[in-house]
Amino acid sequence: MPKAGRGKSLFGEGVRRICAVAAASTSTEMIGLVRAGLRETPTIELRLDWLRSDAERSLFLNWLKRSKFRGATFLATCRRKIGGGRLNAGVPAELNWLAQAREAGCAWCDLEVETWRELPGKSPSELRLPPRMLLSLHDFQRTPSKLQPPRSAGYPFADALKIATSSKSISDSLRLLYLTKRLNTIAVPMGEVGLPARILALRRGSALAYAPIGDATAPGQVSLHDLKYLYRAHELTRQTRVYGVVGNPVGHSLSPLMHNTGFVARKVDAVYLPFLVKDLRDFLKAVPEFGVRGFSVTIPHKQNILRYLTKCDPLAGEIGAVNTVVVRRDGSLYGCNTDYVGVLRALETKMRLARSRVLIFGAGGAARAAGFALAKAGAEVAICARKEKAARELAKAVGGESLPRHALRSEKFDAIINSTPIGMHPHDQVSPLAPHELNCRIVMDLINRPEKTKLLRLAARKGITTVPGIDMFVPQGVAQWEMWIGRRAPESLMRRAVLRALCAEESKRNK
C-alpha cells in the first residue's frame, strides 16, 4: 500500500498526472477516444466495462496490442455493476479481461476493494493481472465522517490507492483531500460540490486527476480539455492564488472561462473555480484550506454574504447586495459590488439614462445593484416583482415606484431590465415577461447564458432594441479581475472567449 510521506509518484509528474478516461460502447469509438486522449496526456484509463459486449472488448484489446504506443501508460478498468461499473458478470470475468489487458500492454489495472475481498489471497502475478495494481474504494452515496484508508496489511499487493466519495458539502471534499498526504494516493471528490477539490487535488498531492475524453463516467467530472487548458490542474502549486464563483446553481456560469482566460493572457499564477455552495458557512470555513483570495457571489448569496463581511464598500452596503469579495491577508472579508458598473456600462451606450424611465423586473441582489445604478444616473426607476413587499422595499430604497404585474400591460418605459433567473440555461425556453408587457424601446436581460434568451427573442420580434446579459457580465467581471489582481485586465480577450463559448453552444443547440 502507499506509504505515508512524500516522494516521486509512480505515475510521473506534470501532465502525466492527468488521466484521460476512455469510455465508449464500441471498439471503434473507444479507439478514437484513446487517440484523442493521447494527444493531451500519455496516461489513459481504459473503461473496458463500458464496451457493450465481449466481442467489442476483444476487438479493442487486439487493436491496442498491435498499436504498441511508446511512452503511454494504460490503466485497465473492468468494473462490475456491484462496484458502480457496467460489467454484468462476476469476478472471474473481470479478472479475465484485466489479464487480457496486460497482454495488450496495460501496465496498470484498477481493482475494486469488493473484488479483492472475493479473491483467494493470490498475488497479481498469479492472477496474470497487469504488473501494477490500483486499489479503488468508491462510495457513491456520501463521504464518511471518519474517512480512513484501509490498513495496508489487508491489501499487500496494491501499488496505489484511489478513494472516490460523493461530496455533499465543501467540508466533505476537504476531508478527502487530506488523504493525499500519503504517497501514490488518488483523491476523487464526486459530484458538483466536489468539483473544485477535484481540480485542486493534484496540487494537494493526489497521484492522478481523472478527466473524460468523451462522455462523463462519474458525476462532477471536468472534461479533459477543461482540466488541462481552462483550469491547468497539472500546473497549479501551493503558491497559485485561488478565486471562484459562489452560488447555487453555478454549473452554468461562464465566469471560470472569463477569469481564467484573463489569468492565462496576463501570465498570472491563479485559477478561478466554480463553487456550488448551499451553505455559506460551509464554504467560508474552507477558504483558508483552499487558499481562496477572492470570490464572486451570485444567486442566492448576494445579500446573505453581508453578515460575514468584516468590511463593506459603502455603495455595496447601500445597495444591500455584494457580488465581489476580497479575502485579505489576515483572512478578513471585504465586500463590494461590480454589478453596478456592469449595468451602467451596458446601458449608457444605448440610451440617455438621465430622466429616462426604466422598469426592473425582480427585486433580488442583481435588481438592487441595477436600481441604485440607474437612480444615481438620474433615471426614474420602477420595480415589479413576484414578491410585492420586496418590490416596495427596493422602490423606496432607490426613490422609485413599485408596480403590480397587471400594470405592465399599459405602462410605457424607455427600458425594461430582467434581473430574475427566469430563462436561464437550461430553462431557456421560458420568458419572465410576455410580449404584451414589453412596452419600451430597449429590453435588457441580465442572464448571460444563453446569449439570446427567450425574452430577448420576443423583444426582437417586436422591433425592440435588445441588450444581452454579456454586455453587463463582462464589464462587472473585468472590474472584479482588476480588483483582485491589481492590473489591467485583457477585456477584449475575456469577452471574445465568452462570446465564442456562447456561439458554440447556440450552434450545438440548433443542430
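Nothing in this text is a laboratory measurement; each read-out follows from the coordinates by a stated rule. The structure presented is a predicted model; accordingly, all values stated were derived computationally and were not measured. Here the Cβ positions follow ideal geometry from the backbone for every residue, glycine too, while neighbour counts run over all protein chains shown.
Report, in cubic angstrom per residue, the convex hull volume of the C-alpha atoms of the range 252-364. Write out the running numbers ahead of the final one.
Details: hull volume 16.4 nm³, N = 113.
Spread over its residues, the Cα hull of the range 252-364 gives 145 Å³ apiece.
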Practice task
Specify the angular offset, from 0 to 90 degrees and rounded to the nearest 10, of the alpha carbon long axis of helix 491-510 from the longest principal axis of the alpha carbons in the chain.
Solution key: 70
Fill in the blank from the handout: Highest mean packing first, using Cβ neighbours within 10 angstrom, the peptides 475-487, 368-380, 126-138 sort as 368-380, 475-487, 126-138
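Inverting the mean 1/r over all pairs of different Cα atoms, compute the Kirkwood radius of the chain and quote it in Å. Provide the component values of the computation, followed by the final result.
On the way: mean 1/r = 0.0401 Å⁻¹.
Answer for the chain: a Kirkwood hydrodynamic radius of 24.9 Å.
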Completion exercise
Distribution output for the range 138-280: share of Cα-Cα pairs per 5 Å bin in percent, first bin at 0, values 2, 10, 19, 23, 21, 14, 7, 3, 2, 0
Problem - the chain: angle of helix 280-290 to the longest principal axis, Cα-based, in degrees nearest 10 - result: 60
Problem - Exceeding the 32 Å Cα-Cα cut-off - candidates Lys387/Lys511; Lys65/Lys267; Lys285/Lys454; Lys267/Lys454; Lys228/Lys511; Lys168/Lys302 - result: Lys387/Lys511; Lys65/Lys267; Lys285/Lys454; Lys267/Lys454
Exercise for the section: Equivalent ellipsoid semi-axes for the range 307-364, as square roots of 5 times the alpha carbon gyration tensor eigenvalues: give them largest first, rounded to whole Å. Expected result: 29, 12, 9
Completion exercise
In whole µm²/s, the translational diffusion coefficient that Stokes-Einstein assigns to the range 197-322, given a Kirkwood hydrodynamic radius over C-alpha pairs, 10 °C and 1.306 mPa s, equals 101
Fill in the blank from the handout: Tilt, helix 388-397 to longest principal axis of the chain (alpha-carbon atoms), in degrees rounded to tens, equals 60
Completion exercise
For Leu273, the residues 5 or more places away or on another chain with a placed amide H closer than 5 Å to its own amide H are Tyr243, Gly244, Val245
Fill in the blank from the handout: For the range 448-511, using Cα atoms only, the Rg and Dmax in Å read 14.1, 43
Exercise for the section: Between Glu235 and Ile82, with labels modelled 7 Å along Cα→Cβ, what's the label distance in nm to one decimal, could you check? Expected result: 4.5
Completion exercise
Square roots of five times the C-alpha gyration tensor eigenvalues of the range 14-237, ordered largest first and given in whole Å, equal 25, 21, 16
Practice task
Please list, in chain and number order, the residues 5+ apart from Cys19 or on another chain whose amide H is under 5 Å from its amide H, with Hs placed from the backbone.
Solution key: Ala209, Tyr210, Ala211
Problem - Positive-end residue, the chain charge dipole about Cα centroid, Cβ charges, pick of Val277, Val15, Leu438 - result: Val15
Practice task
Please compute P(r) over all alpha-carbon pairs of the range 1-116, binned at 10 Å starting from zero, and give each bin as a whole-number percent.
Solution key: 14, 46, 32, 8, 0
Exercise for the section: For the range 475-499 and the range 160-213, compute the distance between their C-alpha centroids and round to whole Å. Expected result: 30
Problem - At 0.692 mPa s and 37 °C, Stokes D of the range 352-467 from Kirkwood alpha-carbon radius, µm² per second - result: 237
Exercise for the section: Only helical DSSP H runs with n ≥ 4 go in: add -39500 (n - 2.57) per run for the chain, normalise by residue count and round the 222 nm mean residue ellipticity to 500 deg cm²/dmol. Expected result: -9500 deg cm²/dmol
Fill in the blank from the handout: About its Cα centre, the range 352-467 carries a charge dipole, from +1 on Lys and Arg Cβ atoms and -1 on Asp and Glu Cβ atoms, whose size in debye to the nearest 20 is 100
Exercise for the section: Sum up the charges of everything whose Cβ sits under 12 Å from the Cβ of Arg461, counting Lys and Arg as +1 and Asp and Glu as -1, but leave Arg461 out. Expected result: +4
Exercise for the section: Compute the separation of the alpha-carbon centres of the range 8-77 and the range 353-386 and state it in Å as a whole number. Expected result: 55
